[in-house]
Amino acid sequence: MTTAYEYDVLVMGAGLAGMRAALAAHEAGARVAIMTKVHPVRSHSNAAQGGINAAMTDRGDDWEEHAFETVKGSDYLADQDAVEILAQEAGREILTLEHMGVIFNRNEEGRLGTRRFGGQKRARTFFVSDFTGQAMLHVLFEQLMKARVPVFEEWFVTSLVKDADGRCAGLIGFEIRTGQFALVKAKAVIVASGGLGRVFEPSTNALICTGDGMAIAYRAGAALMDMEMVQYHPTTLKGKGLLITEAARGEGAYLLNRDGERFMKRYAPNMMELASRDVVSRAGQTEINEGRGVDGCVLLDCRHLGRRLIHERLRQISDEVHSFAGIDLTKEPVPIRPGMHYQMGGIKTDVDGRCWDRHGAWAGVPGLFAAGETACLSLHGGNRLGANSLLDTVVFGRRAGRCAAEYAREVPTPHVPDSTVGMEQQAVSALLSRHANTDSVATIRHEMGVAMHTHLGVFRDQEGMMTAKETLEALHDRYSRVGVQDKGQVFNTSLIRALELGFMLDCAETIVRSALLRRESRGAHFRTDYLHRDDAQWLKHILVYHQPDGSPRVAYLPVRLTRWEPKVRTY
């Protein structure tokens, strides 16, 4: 038995980008619903700690400076028209969030307080202690409830539906609690389901970050862009992969090697610990690789910041470090190392979230939109600046929601037979009916994550990436035969893990394929066999499209430059 629903705009994912998009579409008069794998306030946006950037002119800041530093941080791969929009609209979004109810920290004068983040000379990061994402998430959920936007909570999306003309026409998924399938028709779908962090092991990302949205859009014909650009955060907790916010360094924490040396003075003498993340991660990993680390780590030292500041502004990481490592942040340095944190690439969109080009420069799926980490404008290029991700979710979530509502007003209701869901249900049933063998979904997933971390981490080369490619091919083959032991309908998390693994393998393949193509070092993509940036050959984006036989088709797009020509990047 299946059920069908119908809306103007359907949003997949209830993190910050998804909820901001849904609110914007609702305010524009569209009938909107959200379908989400977890309760909205359990979304991974919860984990964003340090803050959100904005250049406020009333305190002497300048949006052009923020935009330039974002472009420089991207290693000049970002599309500059998108960056200009981000920087210009940032201040308005901060004020909107405050008026909604986000209680940002204040300075001693009672004005909104700021701290510095990496890759930026000026303090322009607004924050709520070190749990800014959580604070924003709860406020946006309150706004969602106030607007009475329906939420399909704890539903798992299995595929995107298109009509006979190839337009996006909705989603198919099932309720995790009952196993009941449904077709949710919509004139426009916004994918805002977050990143793919668990393709790598370890990762700072939640277990739910499995690239679902990227994979279903890719399988439906959308392009994935810049997939080789995977951010490793400089400070993750040894053994756990937990994020230790950049706000610690923004408040003045040091990075030390085993000799007690602030080693960043040799890698970034001007910006030190607040160079861009790719630079700091490479420096830390180099110290470890060359024997100047401590048991596979370097040290983050906050002791000189004092107990009061740590408890007022870094309380969450102080509690986490104490709970998971038994360390008092006020008395001991913390062992940390670079860890997978963010995917700069994703579903190719324009600046209004469309996943197709109205001028035909690149192919896509009309009626499909994307926002947040699952999307790629390209806003972050080769390396994202800290505190630009929260800004990305609200600026481009709002723009995608508004544009999707306008699009839905102009197109007729899609014609999709309710029977469409039957084929999807049969495919899932076929997976469920496989007999168990000696292999397991958990084993395949772990081997994939380790291979990606080993060969596509901070440093890469041809031989290692080819090893990862061959490993993924073997894992794909094993995935086609692995069984699911739990055959039930109710809260079958084994089935969900199996479906997620299929999505993750697709995403992993696009990362490896794109990384092998890019024969240079740029941003987070640092190849030890191609040490330098090559603007003559590689100032362009790599796009991959899914083909019927499962292999990616490759295309290229030039980087859009508006006012900043590429230069040598130093910090």
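The values are calculated or read from the model by the stated rules, or taken from the named source; none is laboratory data. All values derive from a computational prediction rather than experimental measurement. When we count neighbours, we look across all protein chains shown, and the Cβ atoms used for this are built from the backbone with ideal geometry, even at glycine. Ligands, DNA and RNA are excluded from the accessible area calculation, which covers all protein heavy atoms including side chains. Shrake-Rupley method; radii C 1.70, N 1.55, O 1.52, S 1.80 Å.
General observations
- Applying the Karplus relation 6.51 cos²θ - 1.76 cosθ + 1.60 with θ = phi - 60° to segment 179-184 yields 3J(HN,Hα) values of x, 6, 7, 8, 9, 10 Hz, where x marks Gly and Pro.
- Using θ = phi - 60° and Karplus 6.51 cos²θ - 1.76 cosθ + 1.60, couplings along segment 242-252 (whole Hz; Gly, Pro as x): 5, 6, 10, 3, 4, 4, 4, 5, x, 7, x
- Top positive-direction residue, dipole computed over the chain with Cβ charges, set A508, F117, M35: F117
- Per-peptide average of other Cβ atoms within 10 Å, ordering 129-137, 328-336, 102-110 highest first: 129-137, 328-336, 102-110
- With every protein chain in place, segment 454-571: carbon and sulfur % of accessible area (1.4 Å): 52 percent
- DSSP H segments from the chain that extend 20 Å or more along their own axis, Cα-based, with Kyte-Doolittle mean of 0.5 or above: 493-517
- Accessible-area rank, largest first, for E175, E287: E175, E287, with all protein chains present and a 1.4 angstrom probe.
- Since only T420, V149, A206 are under comparison, the one whose Cα sits farthest along the positive direction of the charge dipole of the chain, derived from C-beta charges on Lys, Arg, Asp and Glu, is A206.
- Solvent-accessible surface of protein heavy atoms, probed at 1.4 angstrom with all chains present, puts W538, W63 in the order W63, W538, largest first.
- Stretch gain in nm, segment A427-A474, where the contour uses 0.36 nm per residue and the Cα spacing is subtracted: 14.7 nm
- Tensor-based shape of segment 1-94 (alpha-carbon gyration tensor, a/c under 1.5 rounded, otherwise prolate or oblate): prolate
- Accessible area, probe 1.4 Å, largest first, for residues F117, F141: F141, F117
- The chain - mean residue ellipticity at 222 nm from DSSP helices (-39,500 (n - 2.57) per run, n ≥ 4, rounded to 500): -11500 deg cm²/dmol
- In plain terms, the chain from R358 to V41 could stretch by 110.6 nm, reckoned as 0.36 nm per residue minus the Cα-Cα distance.
- Accessible area (Å², per residue) of the chain, counting only protein heavy atoms and a probe of 1.4 Å: 37 Å²
- Lysines with Cα under 28 Å of K331, excluding same-chain neighbours fewer than 8 positions away: K238, K240, K265
- Applying 1/(1 + (r/R0)^6) with R0 = 60 Å to the Cβ-Cβ distance of Q88 and A436 gives a FRET efficiency near 0.60.
- Our estimate of slack between A4 and R258, defined as 0.36 nm per intervening residue step minus the Cα-Cα distance, is 85.3 nm.
- Seen through its C-alpha gyration tensor, with square-root eigenvalues sorted a ≥ b ≥ c, segment 394-514 comes out oblate because a/c lies at 1.5 or above while a/b is not bigger than b/c.
- Residues with amide H under 5 Å from that of I190, placed H, sequence gap 5 or more: L10, V11, M12, F369
- Residue list for segment 217-236, given a label point 7 angstrom along the Cα-to-Cβ vector of D319 and an amide N cut-off under 18 Å: none
- For W564, solvent-accessible area (1.4 Å; no DNA, RNA or ligand), Å²: 40 Å²
- Share of carbon and sulfur in the accessible heavy-atom surface of segment 92-164 [1.4 Å probe, %]: 48 percent
- Euclidean distance between Cα centres, segment 194-243 to segment 103-145, Å: 24 Å
- Less than 5 angstrom separates the built amide H of G179 from those of F491, all sequence-distant by 5 or more or on a different chain.
- Amide H contacts of K162: A169, each under 5 Å away and 5 or more positions distant or on a separate chain (H built 1.01 Å from N in the peptide plane; Pro and chain starts excluded).
- Candidates per trypsin sites (Lys or Arg not before Pro) in segment 341-387, loop by DSSP, up to 13 other Cβ within 10 Å: R358
- Residue-count net charge about E565 - beta-carbon cut-off 14 Å; Lys, Arg +1, Asp, Glu -1: +4
- On the beta carbon distance between T443 and E463, with R0 = 22 Å, the FRET formula returns roughly 0.35.
- Surrounding net charge for A48, when Lys and Arg each add one and Asp and Glu each subtract one, Cβ distance under 13 Å: -3
- Nearby lysines by direct alpha-carbon distance to K185 (threshold 21 angstrom, same-chain neighbours under 8 apart not counted): K37, K162
- Proximal lysines relative to K540, as straight alpha-carbon distance under 24 Å, when same-chain residues fewer than 8 apart are discounted: K72, K348, K469, K567
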